[in-house]
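Student: Let me begin by handing over the structure; questions about it come next.
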Amino acid sequence: MTDRLRNLPTMKVHPQTELTLIYAGKRLKGLASDTIATALYANGVRIFSRSLKYHRPRGLYSLDGECSNCLMDVDGIPNVRAETSLLQDNMKVEPQNVVGTPERDFMSFIDKLDRFLPAGFYYHYFHRPYRLWPFFQNRLRKAAGLGRLKPSFRMKGIFDEIYPRAEVCVIGAGPAGMQAALAAATQGLRVILLEARPWPGGFFDYRSTNDVSDIPLHQRARQLADKIEENRNIRFFPGTFMTGFYSNNLITAFQVGKETDYFDERYMEIRVESVIVATGCMERPAIFDHNDRPGIMQVACAHRLARTYGLLPGKRAIFSIGDDLGLEAAMDLFDLGLPILCVADTRSDGQAPGLVEGLEERGIPFMRGWTVSTAHGSRTLKKVTLCTLDGLENRDFKCDLLVASAGLTPSAGPLFLAQARMSYDRFTGFFLPDEMPQKVHAAGRLLGLQDPLSIEASGRLAGLSAAADCGALVKVLIKEARELLEQLPGPVRGSKFIQAPGSGRKRFVCFDEDVTVKNIYQACDLGFDHVELVKRFSTAGLGPGQGGIPGHNLPLIVAQYRRYDGDSSDPILPTTIRPPLVPAYLATYAGKSRNHPKRTPLHETMKKTPGAVFRRTGSWQRVRYFTHDFQCREEIETVRNHVGMIDVSTLGKFRVFGPDALHALQRVYVGDMSKVKEGKVKYSAMCNEDGCLMDDGVVVKTGENDYYLTSSTNRADSTAEWIRYHTRYEVWNFSLVNLTDAFGAINLAGSRSRELLQTLTDEDLSNNTFPYAGYKEFRIGGDIPVRAMRLGFLGELSYELHIPASYTRTIWDMLLEEGRPFHIQPFGLEAQNVLRLEKGHVIIGQESEIRNTLHDLGLGFLWNREKSLYKTVGAPALHFTERQNGRMKLVGFRMEDPRRPPKDGSIIVDTRIRGHVCTARYSFTLGQSIGLAHVHSDLADIGTRLEILEDDMGSKRLYAEVVPTPFYDPDGKRLKI
Amino acid sequence: MSLTISCPICGKRDGYEFRFGGEERGPRPDEEGLTHEQWCSYVHMRINKAGIQREWWYHQEGCGSWFTIERDTLTNLEVEGREET
């Protein structure tokens, strides 16, 4: 590991805390607070990856993850941004898109073939003849892409999500952002402050220049950061990347957790009144021949490597820059011990005088109006050629580091996403907002300000303006802040320099996609001469850097090529920016896995019952089997011969009451609900406006204008919504209460259920006083109130008991205890499924789909056609479809081979598909295999032979015959005993 | 979800709490004399307006009421303070 600089006040790494990383099989040392990229750089790694198309060597270029150069495979996760990911102990890091090693890549010969790979080459070469395209497509797909994901890969880690609320959100915790946050927070507003780097400070953080009060800027950043920390109204989120900006000022972002955090990453959705964008600037890449060689990096990258990470970026450096920050960095790095051969500045004038003097004092040659034109060196940088802007004079320098930048460009992504109207400003050379959306403000460097005081003042003004959006009375303060800002230096003239003279073939506009200036020209020549078209055809800016590198240069080059000179009134147009601004893991968007099924009041009891196998059904966790015999023979036979019970607490339960309660029921149920009599249950169904079955259940009348109804399990959550929706235009006076969770329910079924239930109550339960389809309220087990219904879903004498949820376990235990002499046994969903199948009863969603009308399912008899006055939901469709031909019908069938039921979902065929099996089982009760199926109406007649095709059956078939339902006890005698 | 909706009972809340109930088209036609075409049009056809429309929302994670708001479908923003039309 190279020695780090010592005793720098700006250092963020901790020399005392060494961490290990394993890079390409070798153990290397890094320091705490290193990023993966800086740790590798400290260990002498210069080539980080190979490029997408040409397999050119690529190295550290920015430090903010704006290109794919430093995408690496970390602990099996591909495409990790090594520049912004903090190093953790024992990380396993592998270079990507490398065939061989980063230093010797066997695919690098492609670099020489670039003449044959113009923009959109795959459209040119591989579509003639077109039948060969699939072959080439396959090859291209294999060659394309960066990281590789193993099929066995599973994302590890904790991914959380939060939805914080505040009045003001500030994006970027540089000097402007911190001032803005403080100004708003001082007005008593809650402020959320987001910062992508692990610490606040922005571009003050690594600068040692003094501000006007003679303290270094990094110390000023510390002062502001301390104030932020002390202010209880500010929530500061470091390591947080903003991804989106949506209407109603909704900001999305994700935060990368530190080792001390409970999460690895968390998704954030922040809703605020007012937003301040203070994201500052990044650098506009310098474009010249071989501008992507490892050893070439941006100004802030070199500066931060030294100041923040204590790493001198090279041994012999050349600077080719276009703004004052470049001059300042050169001086500072020189003072830290970096030998600098010369500094070339594209500007012929306009430099701050102090900086030019500073270079002179240090004896660094300063070349105005010069720039770099070519980088040399086959793998890493060995030599550069500098030239004058007219290209007439050249000079070569041997060096291993080129610090290059064409100027600054604002990180205006958030403003674009906020739909601010942006246009090219000829003075600053920036895309600046002409008009800001309501309650969105911009501050700091992205407005073209460079003076530290102006930046802070603009932050304060933005913070106060945001406070005003939230109703704070700050008119006077805003006026003062504006006046102060107006007295300070305004925006600085920016460098308009676009690219070095010459026309080499290897000038890269986009590193991610290996797009050169040549490719841009080719696209323009082919007629794709609008910047949006160039972007798509050449793919510049479509890579993982999300346009960070080409974002600003692409519009300039296109405009230049179209001969729009700097004074032309033709606009220079930006490309569209879309979320996410920064690539994010899908795992982060997916967030936590929320598997929280609902539990019935009997859940704990069920868990203790031997053999209970739970399954997730809808939102519930329910018992499917009580044995490991998945045919449930014992459970079924217990119900048929003795008595069994099942937990049916998941049924939806509702009370509808009030003077117009009956109207509401008439509206949603297809039956005539005025026929519901006290002490009786009425079975009915609800349809949608297509006449298709939505729900079935029973209704009982518990008093004057007072009804109790059940819905199927899946509809429990939506029945209240449904009834209210279909009565929304009426001024009916009724109330609806969802009692689903207030009541537990047990279905006690079997010929001996009356005897058993009678042992728990003095109420007369004889068939005369409590007949089939009866309803009764009484007390059992001492004093527990119960609502009992005699229903026939399973084809036996049975009582559905609705019990206050807190008593349900007590009753279950009592029934189990008292039922011993009757051979009672609990049964699960599978047994219930077979029992009701034997009765031919429909389970919605199993024997019905959303396209099956009541008639298709043979339930048309439930519909009362005489109540059009009530505008019953679905009634017109039931009229229209009553005699419609060619519909699918639900039929019962019996297998010719009694031991062989087909699998659920098998298809029914003749020469084509004619239907499908809904449910089929072997019935122990009947000694036959039976089932229910949907078939075309011409196959629905009794006696029709059905051909059934299961998966992987080949030419074999199973055969069945359509028979009438119910299969078991067709006259329903057993229900009525 | 960036949409916010003003519930007449609970006030302005996050769009996640609501369920969409379709555009406002008035109550269902009477059954007498109803043709297939009229019914099909009522059940399946939508205006799909580009602009401000009145529409139904259900406060599922709140008070459980149905109500209408006006929303600009071009900006996906609720238009507040307009008279009920």
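Student: Got at least one residue in segment A:91-98 being of a type in the set (S, T, N, Q) and at negative phi?
Tutor: Yes, that holds for at least one residue.
Student: Among the residues of segment A:184-198, which ones are out of contact with any strand residue (DSSP E or B) (no Cβ under 9 Å at 6 or more places or on another chain) and part of a helix (DSSP H, G or I)?
Tutor: A:THR186, the sole residue that qualifies.
Student: Okay, next question. So, of the residues in segment B:56-77 that are within 12 Å of chain A (Cβ to nearest Cβ), of a type in the set (D, E, K, R) and assigned to a strand (DSSP E or B), which turns out to be surrounded by the most Cβ atoms within 10 Å (Cβ to Cβ)?
Tutor: The qualifying residue surrounded by the most Cβ atoms within 10 Å (Cβ to Cβ) is B:ARG71.
Student: Still on this model: Tell me the residue from A:PHE366, A:PHE416, A:PHE427, A:PHE431 that is touching a residue at least 24 places away in the same chain (Cβ under 8 Å), surrounded by fewer than 18 Cβ atoms within 10 Å (Cβ to Cβ) and either under 30 Å from A:PRO580 (Cβ atoms) or among the aromatic types (Phe, Trp, Tyr) (or both), please. Outline the logic, then answer.
Tutor: On the way: A:PHE366 fails: surrounded by fewer than 18 Cβ atoms within 10 Å (Cβ to Cβ); A:PHE416 fails: surrounded by fewer than 18 Cβ atoms within 10 Å (Cβ to Cβ); A:PHE431 fails: surrounded by fewer than 18 Cβ atoms within 10 Å (Cβ to Cβ).
Exactly one residue qualifies, and that residue is A:PHE427.
Student: Of all residues in segment A:854-886, which are within 13 Å of another protein chain (Cβ to nearest Cβ) and either part of a helix (DSSP H, G or I) or among the β-branched types (Val, Ile, Thr) (or both)?
Tutor: Correct list: A:SER868, A:LEU869, A:TYR870, A:THR872, A:VAL873, A:ALA875, A:PRO876, A:ALA877, A:LEU878, A:HIS879, A:PHE880, A:THR881.
Student: Is it fair to say A:GLY65 is on the phi > 0 side of the Ramachandran plot and surrounded by fewer than 19 Cβ atoms within 10 Å (Cβ to Cβ)?
Tutor: Numbers: on the phi > 0 side of the Ramachandran plot: yes; surrounded by fewer than 19 Cβ atoms within 10 Å (Cβ to Cβ): no.
No: the conditions fail for A:GLY65.
Student: Do any strands (runs of 3 or more DSSP E) entirely within segment A:425-544 hold 1 or more residues that are at pLDDT below 95 and within 27 Å of A:ARG562 (Cβ to Cβ), and if so, which?
Tutor: Working: elements: A:431-435, A:440-442, A:508-510.
Those strands (runs of 3 or more DSSP E) span A:431-435, A:508-510.
Student: Taking segment B:32-44 only, how many residues are in a loop (DSSP other than H, G, I, E, B), more than 9 Å from every other protein chain (Cβ to nearest Cβ) and either touching a residue at least 24 places away in the same chain (Cβ under 8 Å) or surrounded by 10 or more Cβ atoms within 10 Å (Cβ to Cβ) (or both)? I'd like the intermediate steps shown before the answer.
Tutor: As a first pass, look at segment B:32-44 and keep what is in a loop (DSSP other than H, G, I, E, B): B:32-35.
Within this subset, residues satisfying the condition of being more than 9 Å from every other protein chain (Cβ to nearest Cβ) are B:33, B:35.
Right, trim to either touching a residue at least 24 places away in the same chain (Cβ under 8 Å) or surrounded by 10 or more Cβ atoms within 10 Å (Cβ to Cβ) (or both) and you get B:35.
Going through segment B:32-44 one residue at a time, the tally reaches 1.
Student: Does A:ILE364 count as in contact with a strand residue (DSSP E or B) (Cβ under 7 Å, 6 or more places away or on another chain), in a loop (DSSP other than H, G, I, E, B) and modelled with pLDDT of 95 or more?
Tutor: Values: in contact with a strand residue (DSSP E or B) (Cβ under 7 Å, 6 or more places away or on another chain): yes; in a loop (DSSP other than H, G, I, E, B): yes; modelled with pLDDT of 95 or more: yes.
Answer is yes for this residue.
Student: Take the residues in segment B:1-20 that are over 25 Å from A:THR243 (Cβ atoms) and small (Gly, Ala, Ser), then tell me which one is nearest to the other protein chains (Cβ to nearest Cβ).
Tutor: Here the answer is B:SER6.
Student: Further, regarding this structure: When you scan segment A:202-319 for strands (runs of 3 or more DSSP E) that lie fully inside it, which ones turn up with 2 or more residues that are within 14 Å of chain B (Cβ to nearest Cβ)?
Tutor: Values: elements: A:234-237, A:240-246, A:250-256, A:265-271, A:274-277, A:281-284.
So the answer is A:240-246, A:250-256, A:265-271.
Student: Within segment A:152-180, can you find the residues that are under 21 Å from the mean Cα position of the chain (by Cα) and closer than 30 Å to A:LYS53 by Cα?
Tutor: A:PHE153, A:ARG154, A:MET155
Student: Residues that are without any contact (Cβ under 8 Å) to a residue 12 or more places away in the chain: find the strands (runs of 3 or more DSSP E) completely inside segment A:22-138 holding 2 or more of those.
Tutor: On the way: elements: A:26-32, A:71-74, A:77-81, A:91-95.
The qualifying strands (runs of 3 or more DSSP E) are A:26-32.
Student: Let me ask something additional. Quick check on segment A:792-813. Is at least one of its residues modelled with pLDDT under 95, out of contact with any Lys or Arg (no Cβ under 7 Å at 6 or more places or on another chain) and in a loop (DSSP other than H, G, I, E, B)?
Tutor: Yes, the conditions are met somewhere in segment A:792-813.
Student: Testing A:GLY611 on (1) within 29 Å of A:ARG974 (Cα to Cα); (2) of a type in the set (Gly, Ala, Ser); (3) free of Cβ contacts under 8 Å to residues at least 60 places away in the same chain; (4) not assigned by TED's automatic domain parsing to the domain that holds A:TRP732, one condition comes back false. Which one is that?
Tutor: It is condition (1) that A:GLY611 fails.
Student: Name the one entry in A:ALA375, A:ALA352 that is touching a residue at least 12 places away in the same chain (Cβ under 8 Å), hydrophobic (A, V, I, L, M, F, W, C) and closer than 20 Å to A:LEU449 by Cβ.
Tutor: A:ALA352
Student: Restricting attention to segment A:650-686, report how many residues are within 14 Å of chain B (Cβ to nearest Cβ) and either in a loop (DSSP other than H, G, I, E, B) or at pLDDT below 95 (or both).
Tutor: Selection size over segment A:650-686: 1.
Residue-wise test of (1) more than 14 Å from every other protein chain (Cβ to nearest Cβ); (2) over 37 Å from the mean Cα position of the chain (by Cα); (3) among the hydroxyl-bearing types (Ser, Thr, Tyr).
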{"residue": "A:VAL648", "(1), (2), (3)": "yes, no, no"}
{"residue": "A:ASN688", "(1), (2), (3)": "no, no, no"}
{"residue": "A:VAL698", "(1), (2), (3)": "yes, yes, no"}
{"residue": "A:ALA716", "(1), (2), (3)": "no, no, no"}
{"residue": "A:HIS726", "(1), (2), (3)": "no, no, no"}
{"residue": "A:TYR729", "(1), (2), (3)": "no, yes, yes"}
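The values are calculated or read from the model by the stated rules, or taken from the named source; none is laboratory data. Quick caveat, the model's predicted, so the values are computed rather than measured. Every residue, glycine as well, gets a Cβ built from its backbone with ideal geometry; the counts of neighbours run over all protein chains shown.
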